[in-house]
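The values are calculated or read from the model by the stated rules, or taken from the named source; none is laboratory data. All of these numbers come straight from a predicted model, not from anything done at the bench. Here the Cβ positions follow ideal geometry from the backbone for every residue, glycine too, while neighbour counts run over all protein chains shown. Heads up: the accessible areas ignore ligands, DNA and RNA and are worked out on the full protein's heavy atoms, side chains in. Shrake-Rupley method; radii C 1.70, N 1.55, O 1.52, S 1.80 Å.
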Amino acid sequence: QVQLVESGGGLAQPGGSLRLSCAASGRISGVYAMGWYRQAPGNQRELVATITKRGTTNYADSVKGRFTISRHNVKNTIYLQMDSLKPEDTADYYCNADVQVMNSPRTTNYWGKGTQVTVSS
């Protein structure tokens, strides 16, 4: 009923930038908290950044000052601007969202399929 589709991953050099996007689509009544998580090979999935519908943000310490999360509520889309990239930012990045489906009184948590980010010279 709901799909989260990420885009914008790829290869960047250390110190470079990438911008990720995630669009929610489907039978949506409302989209609430959204966020980005990442998982590097052999590691657990970890929080990168989250943003509420009102725009309150939260960042992992490892990305503070380098990454910026933003959202467009009308488009049900979030973005992750990643600057000053480091090799340790290499991971699969996943979009997450709390979504209220049409004709449902509750929210359900959804995940995207992920987009790969590689930081290497």
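Side notes on the structure shown:
- Boolean, residue 47 is open to solvent by 40 Å² or more (accessible area, probe 1.4 Å), aliphatic (A, V, I, L, M) and either within 13 Å of the chain's Cα centre (by Cα) or under 25 Å from residue 106 (Cβ atoms) (or both): yes
- Matching strands (runs of 3 or more DSSP E) fully within the stretch 43-117 where at least 1 residues are of a type in the set (Lys, Arg) and modelled with pLDDT of 95 or more: 67-72
- Cβ pairs under 9 Å, 6+ apart, first in the stretch 4-26 and closer than 13 Å to residue 82 by Cα, second surrounded by fewer than 14 Cβ atoms within 10 Å (Cβ to Cβ) and of a type in the set (A, V, I, L, M, F, W, C): 18/11
- Lone qualifier among 64, 75, 53, 113 - being closer than 15 Å to residue 9 by Cα and of a type in the set (Lys, Arg): 113
- Subset of the stretch 32-59 (residues that are small (Gly, Ala, Ser) and under 21 Å from residue 116 (Cβ atoms)): 35, 40, 42, 49
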